[in-house]
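Here is the structure we will look at, set down as structure tokens.
The values are calculated or read from the model by the stated rules, or taken from the named source; none is laboratory data. Since we're looking at a predicted model, the values are computed, not measured. Neighbour counts are summed over all protein chains in view; Cβ atoms, including those assigned to glycine, are modelled from backbone coordinates with ideal geometry. Quick note on the areas: whole protein, heavy atoms, side chains included, nothing else; ligands and nucleic acids left out. Shrake-Rupley method; radii C 1.70, N 1.55, O 1.52, S 1.80 Å.
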Amino acid sequence: MPVTHRVGTLAGFVRDIRGRVQTVRVMSFNCNGIRAAARKGFFDWLATVDVDVVCLQETKAQEHQLDNEIFYPQGFHCYYFDAEKKGYSGTGLYCRKEPDRVSRGLGWPMADTEGRYIQADFGNLSIGSLYLPSGSAGPERQARKFEFMEKCMQHLRELRRDGRQYILCGDWNICHKEIDLKNWRANQKNSGFLPEERQWL
């Protein structure tokens, strides 16, 4: 949802190698800049939270700029996917358990050059962090957002067919229902609450 510094949590289930069900606690956080979030106490707060995987969006940093150990919190395996443009976009994952595999990108330029998707695989469960583009910068950017949404939907349909379990977290930059934002009437012609976007979501 298009709200900065909003934290959401959910729980999923995964089976261990003996077939026993284990709960996985996942948190999603649009940090509006990982360095800004650090200055505002995010990592102090994170140290107090019982969570297995943290999905980050809008990190706004390239990994070589994150040379302070604070950006690699103790007890987590940390993975970032940077945008090519400095100070822009980017996603990340903090995982208590080391994933079997981490993949970055979705296979098309806007997703990959802007660091918009990172995924960790644990057995038959995949957890992904997505940062969907905003179209608020103007008509050209909105057209690119619609293009991204179309390609993303194709990808999601492929995921439904591959037999794996998925938890997809993210900043979708779309409000689904009227209850999801203040002044919904005034926003019906604005990016993030357009009828086509809401229908897609």
Scan the range 67-78 and tell me whether some residue there is polar (S, T, N, Q) and more than 28 Å from L201 (Cα to Cα).
yes
Taking the range 23-44, which residues are aliphatic (A, V, I, L, M) and open to solvent by less than 10 Å² (accessible area, probe 1.4 Å)?
V26, M27, I34, A37
Residue hits (the range 78-87; in contact with a Lys or Arg (Cβ under 6 Å, 6 or more places away or on another chain) and under 9 Å from A61 (Cα atoms)) are G87
Return the only residue of N183, N173, N190 being under 22 Å from F81 (Cα atoms), modelled with pLDDT under 95 and not basic (K, R).
N173
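Name the one entry in V21, V7, V14 that is at pLDDT below 95, within 29 Å of W184 (Cα to Cα) and hydrophobic (A, V, I, L, M, F, W, C). Break it down into steps so the answer makes sense when it comes.
On the way: V21 fails: within 29 Å of W184 (Cα to Cα); V14 fails: within 29 Å of W184 (Cα to Cα).
Sole residue among the options that is at pLDDT below 95, within 29 Å of W184 (Cα to Cα) and hydrophobic (A, V, I, L, M, F, W, C): V7.
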Taking the stated definitions as given, is E196 open to solvent by 70 Å² or more (accessible area, probe 1.4 Å) and touching a residue at least 24 places away in the same chain (Cβ under 8 Å)?
yes
Has the range 159-166 got at least one residue that is in contact with a Phe, Trp or Tyr (Cβ under 9 Å, 6 or more places away or on another chain) and of a type outside the set (D, E, K, R)?
yes
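Yes or no: N187 open to solvent by less than 60 Å² (accessible area, probe 1.4 Å), touching a Cys at 6+ places or on another chain (Cβ under 9 Å) and of a type in the set (S, T, N, Q)? Working first, answer last.
Numbers: open to solvent by less than 60 Å² (accessible area, probe 1.4 Å): yes; touching a Cys at 6+ places or on another chain (Cβ under 9 Å): yes; of a type in the set (S, T, N, Q): yes.
So N187 passes the test.
Yes/no per residue for (1) in contact (Cβ under 8 Å) with a residue 12 or more places away in the chain; (2) closer than 15 Å to Y79 by Cβ; (3) in contact with a Ser or Thr (Cβ under 8 Å, 6 or more places away or on another chain):
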residue: G90; (1), (2), (3): yes, yes, yes
residue: D100; (1), (2), (3): yes, yes, no
residue: P109; (1), (2), (3): no, no, no
residue: F122; (1), (2), (3): yes, yes, no
residue: L132; (1), (2), (3): yes, no, no
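From the list Q65, Q57, pick out the single residue that is surrounded by 20 or more Cβ atoms within 10 Å (Cβ to Cβ) and not basic (K, R). Even if it seems obvious, please write down each step before you answer.
Values: Q65 fails: surrounded by 20 or more Cβ atoms within 10 Å (Cβ to Cβ).
Unique residue meeting the criteria: Q57.
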Among the residues of the range 144-201, the number that are in a helix (DSSP H, G or I), within 16 Å of the chain's Cα centre (by Cα) and of a type in the set (F, W, Y) is 1
